[in-house]
1. Could you calculate the FRET efficiency of LYS202 with ASN104 from 1/(1 + (r/R0)^6), where r is the beta carbon distance between them and R0 is 41 Å, rounded to 0.05?
2. Determine the share of the range 5-304's accessible area contributed by carbon and sulfur atoms, expressed in whole percent, with a 1.4 angstrom probe.
3. Among the trypsin sites (Lys or Arg not before Pro) in the range 223-307, which ones are in a DSSP loop with at most 16 other Cβ atoms within 10 Å of the Cβ? Mind listing them?
4. For LYS120, which aspartates and glutamates qualify as cross-link partners when the Cα separation must be under 17 Å and same-chain residues fewer than eight apart are set aside?
5. Select from CYS142, GLN293, ALA65 the residue farthest towards the positive end of the dipole of the range 5-304; place +1 on Cβ of Lys and Arg, -1 on Cβ of Asp and Glu, and compute about the Cα centre.
6. Which whole-Hz couplings ³J(HN,Hα) result when phi for each residue of the range 82-87 is put into the Karplus expression 6.51 cos²θ - 1.76 cosθ + 1.60, θ = phi - 60°, listed in order with x for Gly and Pro?
7. Given a Förster distance of 25 Å, report the FRET efficiency between LYS231 and GLU251 from their Cβ-Cβ distance, rounded to the nearest 0.05.
8. On a 29 Å Cα-Cα criterion, which of the cross-link pairs LYS6/LYS234; LYS6/LYS202; LYS103/LYS209; LYS177/LYS231 come out too long?
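The values are calculated or read from the model by the stated rules, or taken from the named source; none is laboratory data. In this text the structure is predicted, and so the values were computed from the model without any measurement. Reconstructed Cβ throughout: ideal geometry from the backbone, glycine too, with neighbour counts over all protein chains shown. Heavy atoms of the whole protein, side chains included, go into the accessibility calculation; ligands, DNA and RNA do not. Shrake-Rupley method; radii C 1.70, N 1.55, O 1.52, S 1.80 Å.
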Amino acid sequence: MKKLRKIIIDTDPGIDDAVAIAAALFDERLDIKLFTTVAGNVSVDKVTKNLLKLLAFWNKDVPVAIGSDRPLLREAINASDIHGSTGMDGYEFPESKYELLTKNHAVIEMYKVLMDSKEKTTIVGIGPLTNIALLLRIYPECVERIEELVIMGGSLGRGNQGALSEFNIAADPEAAKIVFESRVPLTMVGLDVGEKALVLSKEREEIQKMNRTGNMIDHLFKKYRGGSLDKGLKMYDGCAIAYLLAPEMFEVKETYVAVETQGTLTAGATLVDLDGYLGKVANSRVCVDIDEQLFRQWFLEAIEKCS
Ligand code: BDR
Ligand code: CA
């Protein structure tokens, strides 16, 4: 089958990152050229190790470039309360594929992939936006080479890190501001859909016995605190991949999004200006709703494709 899209995944695995990575790696319509890592859920060393473990588990050879070990200006925060102290607690992975590590920093490797490819490349950002902001600042010519930047981050309303801020944006608001103001074709897949993209006990029961990936992911789920086993586990990052592969399950609005960096109580909030109060030209496509049932179906089919 024809590969539809060349993509780079910038990630901080992360249990929901692991689900997103599984879905992307085993879908024939995506051609993953590079993974880059960024400090987020836990330190960049830990998330890189987690990614290399996942790639060893699946025996997949995609280059991995280590990226930023801290936000642009602020002290790092983390989400070890959600993903465990390793960032991906719950499963004993036998090894890591260290040979996949590139020599250069993530930003340089991203630049090379973007510039060396004949077709444009899509970037999927499912961690804080530090690497992507640096890429756009150091190599502004990349904007023309990016087909679409799909980010999991932000929210139309309430937050999950602060009252109004989502974790990936709150972790590095200045980077997010650079990205939203960069004029890159940007799609925001935020909390409004992530919180509805639930894996319920029915799906968990199915994946446990589906295949070894389903079994591994179910072990991670037992330690995941993004939602709850009773009420459903929130597949925030999986939504970014679902958006690439099955956009029909999302309702999307084109609008202007500003990132708050000054507020003493609201830094990291995304101001999604649906009613045009700011009188600005749209800079984003924002996912405002998701068909929850279609998502659950998509999740099961995605895990079924994995080995
Ligand atoms: C985001 O924060 C992280 O903990 C998850 O991996 C996801 O990328 C959700 O707010
Ligand atoms: Ca993540």
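1. With R0 = 41 Å, the Cβ-Cβ based efficiency is 0.40.
2. Solvent-exposed carbon and sulfur of the range 5-304 make up 47 percent of the total.
3. Those satisfying the criteria are ARG225, LYS231, LYS280, LYS305.
4. ASP10, ASP31, GLU109, GLU141, GLU144, GLU147, GLU148
5. Of the listed residues, the answer is ALA65.
6. 9, 10, x, 5, 7, x
7. Calculated value: 0.65.
8. Correct reply: LYS6/LYS202; LYS103/LYS209; LYS177/LYS231.
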